[in-house]
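The values are calculated or read from the model by the stated rules, or taken from the named source; none is laboratory data. If you're wondering where the values come from, they're calculated on a predicted model, not measured in any experiment. No Cβ is skipped: glycine too gets one built from the backbone with ideal geometry, and neighbour counts run over all protein chains shown. Side chains are part of the model used for accessible areas, which takes the heavy atoms of the whole protein and leaves out ligands, DNA and RNA. Shrake-Rupley method; radii C 1.70, N 1.55, O 1.52, S 1.80 Å.
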There are 2 protein chains.
Amino acid sequence: MINIAVLGYGTVGSGVVEVINTNQDSINRRAGDAIRIKYVLDLRDFPGDPVQKVLVHDYETIVNDPEVDIVVEVMGGLEPAHTFVKRALEAGKSVATSNKALVAKFGPELMDIARNKNINFLFEASCGGGIPIIRALNQSLTADQIDEVTGILNGTTNYMLTKMDMEGSRFESVLKEAQEKGYAEADPTADVEGYDACRKIAILSSLAYGKFLNYEKIHTEGITRITPEDMEYARVMGMSIKLLATSRKLSEDSYYAVVAPFLVGKNNPLYSVNDVYNGIFVHGNVLGDAMFYGSGAGKLPTASAVVADVVDEAKHLHENMPNEWNDQPLPLADPDQVSGRFFVRVQTTDLSLIRSVFGTIEQIQVPKAEGETGFVTAQMTLGQYKAKAAEIKAEILSMIRIKD
Amino acid sequence: MINIAVLGYGTVGSGVVEVINTNQDSINRRAGDAIRIKYVLDLRDFPGDPVQKVLVHDYETIVNDPEVDIVVEVMGGLEPAHTFVKRALEAGKSVATSNKALVAKFGPELMDIARNKNINFLFEASCGGGIPIIRALNQSLTADQIDEVTGILNGTTNYMLTKMDMEGSRFESVLKEAQEKGYAEADPTADVEGYDACRKIAILSSLAYGKFLNYEKIHTEGITRITPEDMEYARVMGMSIKLLATSRKLSEDSYYAVVAPFLVGKNNPLYSVNDVYNGIFVHGNVLGDAMFYGSGAGKLPTASAVVADVVDEAKHLHENMPNEWNDQPLPLADPDQVSGRFFVRVQTTDLSLIRSVFGTIEQIQVPKAEGETGFVTAQMTLGQYKAKAAEIKAEILSMIRIKD
């Protein structure tokens, strides 16, 4: 018998209880032992819900019970999650969490404690919901040196961009609709400004490259400035605008990471990742291209990943499973020094003016666009682009990176 | 020091040596020990190739050497691969193989020996090349009951179908081109008749459902009868013709498996899997939809998966990692009893004749098609379809299943 305690009976917490009840037999067989939910911690009561029988309001009951082998943290937020998780690990209990904010900020500290206690701190559900990307990086792609990880890691913004693309609607109206459907929160900042995707790419990059990528160091832009006009240009180019969270190895001691809207072409497997789905592209030096696709959020897919971690921890109760992440900071290049191509819209129809500043360009012609020019630059660094954008005597209406 | 022996210095075997040499440091770190290639077995000599130093021609040298911990079988074919692998396992050496024919036919026997010896028989590279689908089924999706596995599992036929779609060319000319480029073998039967994909879906289904699916029981059709006219109808329908290897759970004691060309719609993530790439769609009862995408073949991607198995075996040298596959046969439904929709082309333009036999149909109009009618049937069993096809007084030009 393996006793677990679930911290938080919200969406994911109730999903964890549901998954364990639904697939009890196969889960127990795979874990090699019976998994029992001994406690669920929540400040609220849930009259009439069977959870009431195992509900506790005081974390001390859980952390002081030597029978509890595994703690599932699905409360979200930094506090009290951080304190609770740290105390659980220090008490010799393995922890499974879906909390990307916690992992991105305190991952190295918590993994250190788990290593020292010879237990496990797992967080498959923190990135890409039900998509088993973290176990793939830790246990499957072990013959490779990963040199790129690029993900559509936020379902809310991907849903919104897909809608804007299909229906030609404006950001504000799509946001309102997403909020009404429950796909976006009342305060959508973390999603639409890219903060959520930023934490996730920090976690995935740390595992892929074996060094700690601090999410606070990643240049992050959201999708609030994307317009139906941008979408129209994308369509003409046969491309799609996606919020990508991407990192890649430039050299042995230099990496690049950014979260921003990108124009993605049809040959990229991320092009077809639509609606609330997530997709994570990985390039390995011997594997080549791979992509992992699935539900990036949602009660049951996220709970599926949390419970898979619980099964793994049950199978390795007093045996730390190593991963590549360590405390050394990942060396980041100055984003201004990194090259790419840029799609630009300027408020002028004077091509010779544009060419005098940007040199060779590829003009993109959209029937409806009036009084402006859309074009793709040649390969240049972001710093060079910025200098040209400052120099040109016309307003820049938008700039979107091209994913090559 | 972990000593390995590689059986076969062909494409994959030389890839394994190259991957281990290229990524030596990270592989050793992840394996927790230094991996050394002690022997490579091949009947041929390779003058001037550094492999010559470790080359042996007699398997006895390997199987009788107690220093050899892991045997890598990348010869392909059933014999002598089966004898060699069995003897290695019986001698207490873990085995990693890329050989789908071996796994599909002798998997249960070889896994039994590995279990009894408390070692491992792993075969990540046998399905989907570099795509880490087997470890995902065994170790990641453990909270789920899988109810569908559908894959584009053969790169050669996917390349050919993509070409036929893009260029409107006939099967024969695309095959010739694929052979010239080395994408198809001189005898292309195993690929184009679906036999290769059939063995792979048998392996994946056995792992997903925890029972043995004998590949000989799977109804298998290839792509040899697909014509440019079929492709034209697919285009008009906004769909793509893919060779799918698919299995699904109909009820607790009834499963369905088939390998055949299917019409796949844009909403299916497999729609965008083109060229030599493979994609494997999995549906779990709590996970929902997931897809794994990557290089399904090729020297280095396949070797990447083989070496990942070697790393896992090095980490679990005398500890069997269980999976769900067992010897009990997977109960299969009669394919004639399973429902679906079918795209049909008949050599008549008499719609009332068609409706008198097939009832409600959705006609598909293709400008160029003359003297024939293309249509999609209502939902019916394959048996019902066959009865109607036998009844109608007009030649059936083609029938392709619709992937719903």
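Values as computed for the structure displayed
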read-out: Selection count, region B:288-327, where residues are touching a strand residue (DSSP E or B) at 6+ places or on another chain (Cβ under 7 Å), modelled with pLDDT of 95 or more and either among the basic types (Lys, Arg) or not in a helix (DSSP H, G or I) (or both); value: 8
read-out: Residues within region A:306-325 that are within 11 Å of chain B (Cβ to nearest Cβ) and more than 23 Å from B:ASN320 (Cα to Cα), tallied; value: 2
read-out: Any chance A:LEU175 is surrounded by fewer than 24 Cβ atoms within 10 Å (Cβ to Cβ) and more than 14 Å from every other protein chain (Cβ to nearest Cβ); value: yes
read-out: Region A:269-287 - residue that is of a type in the set (A, V, I, L, M, F, W, C) and at the interface with another protein chain (Cβ under 7 Å from one of its Cβ atoms) and, of those, surrounded by the most Cβ atoms within 10 Å (Cβ to Cβ); value: A:LEU287
read-out: Region B:289-311, residues that are open to solvent by 10 Å² or more (accessible area, probe 1.4 Å) and among the acidic types (Asp, Glu); value: B:ASP289
read-out: Selection within region B:161-172 - within 14 Å of chain A (Cβ to nearest Cβ) and more than 21 Å from the chain's Cα centre (by Cα); value: B:ASP165, B:MET166
read-out: Criterion violated by A:PRO329 - all others in (1) open to solvent by 10 Å² or more (accessible area, probe 1.4 Å); (2) facing chain B (nearest Cβ under 9 Å); (3) within 21 Å of A:VAL103 (Cα to Cα) satisfied; value: (2)
read-out: Leading residue by the ranking (surrounded by the most Cβ atoms within 10 Å (Cβ to Cβ)) among those in region A:125-155 that are of a type in the set (Val, Ile, Thr) and in a loop (DSSP other than H, G, I, E, B); value: A:ILE131
read-out: Selection count, region B:250-270, where residues are in contact (Cβ under 8 Å) with a residue 12 or more places away in the chain and part of a strand (DSSP E or B); value: 13
read-out: All helices (runs of 4 or more DSSP H) inside region A:15-102 with 3 or more residues being among the aliphatic types (A, V, I, L, M), at pLDDT 95 or above and open to solvent by less than 20 Å² (accessible area, probe 1.4 Å); value: A:81-90
read-out: Residues (open to solvent by 10 Å² or more (accessible area, probe 1.4 Å) and assigned to a helix (DSSP H, G or I)) located in region A:112-124; value: A:ASP112, A:ILE113, A:ARG115, A:ASN116, A:LYS117
read-out: Any pair with Cβ under 7 angstrom, 6 or more apart, that starts in region A:28-56 at a residue that is within 14 Å of chain B (Cβ to nearest Cβ) and ends at one that is surrounded by fewer than 18 Cβ atoms within 10 Å (Cβ to Cβ) and not in a strand (DSSP E or B); value: A:ASN28/A:ALA34; A:ASP33/A:MET1; A:ILE37/A:VAL54
read-out: Unmet requirement for B:ASN158, which otherwise passes all of (1) surrounded by fewer than 23 Cβ atoms within 10 Å (Cβ to Cβ); (2) over 30 Å from A:ARG29 (Cα atoms); (3) within 14 Å of another protein chain (Cβ to nearest Cβ); value: (1)
read-out: Some residue of region A:222-235 being in contact with an Asp or Glu (Cβ under 9 Å, 6 or more places away or on another chain), under 18 Å from A:SER126 (Cα atoms) and either in a strand (DSSP E or B) or assigned by TED's automatic domain parsing to the domain that holds A:LEU153 (or both); value: no
read-out: Residue within region A:178-195 that is touching a residue at least 12 places away in the same chain (Cβ under 8 Å), within 14 Å of another protein chain (Cβ to nearest Cβ), of a type outside the set (S, T, N, Q) and touching a strand residue (DSSP E or B) at 6+ places or on another chain (Cβ under 7 Å) present; value: no
read-out: Failed item, numbered, when B:GLU232 is tested on (1) open to solvent by less than 10 Å² (accessible area, probe 1.4 Å); (2) touching a Lys or Arg at 6+ places or on another chain (Cβ under 8 Å); value: (1)
read-out: Failed condition for B:ARG355, given (1) open to solvent by 30 Å² or more (accessible area, probe 1.4 Å); (2) over 18 Å from B:LYS393 (Cβ atoms); value: (2)
read-out: Matching entry among B:ALA257, B:ALA290, B:ALA208, B:ALA297 (being within 14 Å of chain A (Cβ to nearest Cβ) and within 22 Å of B:VAL338 (Cβ to Cβ)); value: B:ALA208
read-out: Residue match in region B:228-249 (condition: modelled with pLDDT of 95 or more and at positive phi); value: yes
read-out: Residue satisfying condition, being open to solvent by less than 10 Å² (accessible area, probe 1.4 Å) and touching an Asp or Glu at 6+ places or on another chain (Cβ under 9 Å), within set B:ALA202, B:ALA190; value: B:ALA202
read-out: Cross-chain or 6+ apart pairs with Cβ under 6 Å, region A:340-368 first and hydroxyl-bearing (Ser, Thr, Tyr), then assigned to a loop (DSSP other than H, G, I, E, B); value: A:THR348/A:ALA394; A:THR360/A:ALA378
